[in-house]
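What follows is one structure encoded as structure tokens, with my remarks underneath.
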Amino acid sequence: MRKADISDKSIILDILTRSFDDNKSVNYVVKQDQNRVDRITKLMDYSFNVCNEFGEVWISDDQQACALILFPDKKRSSFRTLLWDLKLALSVIGLDRVSAVLKREAMIKANHPKEPIAYLWFIGVNPQLQGKGVGSAFIQEVIQECERKKRPIYLETSVERNLPFYKKFGFEIFHSLDLSYTLYHLRRV
């Protein structure tokens, strides 16, 4: 595993777009129309930019897995981040849905501690390699990196079949939100 750089961005966006295509949480945020897949890619682009600026972006050595990690305590507002947010609202969410998405984000953040954490915003594996140990090996490296930084890991998933995977690596469900789907909040402290 290594820190990704801008030259890895297209690979990362491809992995995450394909990995999250049918994800309930992502599709709650993304406007559902004929441009849905393009909107998911734009969401991943936004997330890459934010994590690259205020966290870390990791990619496996074989470029088949990646993770976007945000350090919320490092996040700052600027003219550039305001432009990113505006672009997200216009090209991904849709102005008519911004309020609902902001409310959802506030509910998620309300369940995060005030101490510094590693927020595992997105982790993905090339869909053709899922279930073959690539994700297990990769998440172990992510966990080691976060432990080295002494940051507990927080994440959410709307995919129930992922819960045993996370539990296997020491994550626990500590909360859930009932939206139009169930969003499970997990942490590894």
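The values are calculated or read from the model by the stated rules, or taken from the named source; none is laboratory data. It should be emphasised that the depicted structure is a prediction, and the values quoted were computed from it without experimental measurement. In this analysis, Cβ positions are derived from the backbone assuming ideal geometry, glycine residues included, and neighbour counts consider all displayed protein chains. Heavy atoms of the whole protein, side chains included, go into the accessibility calculation; ligands, DNA and RNA do not. Shrake-Rupley method; radii C 1.70, N 1.55, O 1.52, S 1.80 Å.
Residue 3: which lysines have alpha carbons under 24 Å from its alpha carbon, excluding same-chain residues fewer than 8 sequence positions away?
42, 74, 75, 132, 149, 150
Can you give me the % of accessible surface on the chain that is carbon or sulfur? Probe 1.4 Å, all protein chains present, nothing else counted.
51 percent
Based on the Cβ-Cβ distance from residue 22 to residue 79, what FRET efficiency comes out when R0 is 45 Å, to the nearest 0.05?
Efficiency at R0 = 45 Å is approximately 0.80.
Using the alpha-carbon centroid of each, what span in Å lies between the range 1-70 and the range 130-189?
Result: 17 Å between the Cα centres.
Aspartates and glutamates near residue 87 by alpha-carbon distance under 20 Å, same-chain residues fewer than 8 away left out - which ones?
Once the sequence-local aspartates and glutamates are set aside, what remains near residue 87 is 14, 33, 38, 45, 53, 96, 105.
By a straight-distance test (C-alpha under 13 Å), which aspartates and glutamates pair with residue 109 as possible cross-link partners, with residues fewer than eight away in the same chain excluded?
73, 156
Using a 1.4 Å probe, what is the accessible area per residue for the range 1-140, in Å²?
Value returned for the range 1-140: 51 Å² of accessible area per residue.
List, in order, the whole-Hz ³J(HN,Hα) value for each residue of the range 85-98 obtained from phi through the Karplus relation with A = 6.51, B = -1.76, C = 1.60 and θ = phi - 60°; use x for Gly and Pro.
Using θ = phi - 60°, the values come out as 4, 5, 4, 4, 4, 7, 9, 10, 7, x, 4, 5, 10, 4 Hz.
Compute the FRET efficiency between residue 46 and residue 136 as 1/(1 + (r/R0)^6), taking r as their Cβ-Cβ distance and R0 = 30 Å, and round to the nearest 0.05.
The pair residue 46/residue 136 has a calculated efficiency of 0.60.
Taking the Cα-to-Cβ direction at residue 14 and at residue 182 and moving 7 Å from each Cα, how far apart do the two end points lie in nm?
3.6 nm
Which of 82, 13, 120 moves most in a GNM of the chain, Cα contacts under 10 Å?
Judging by the Gaussian network model, the answer is 82.
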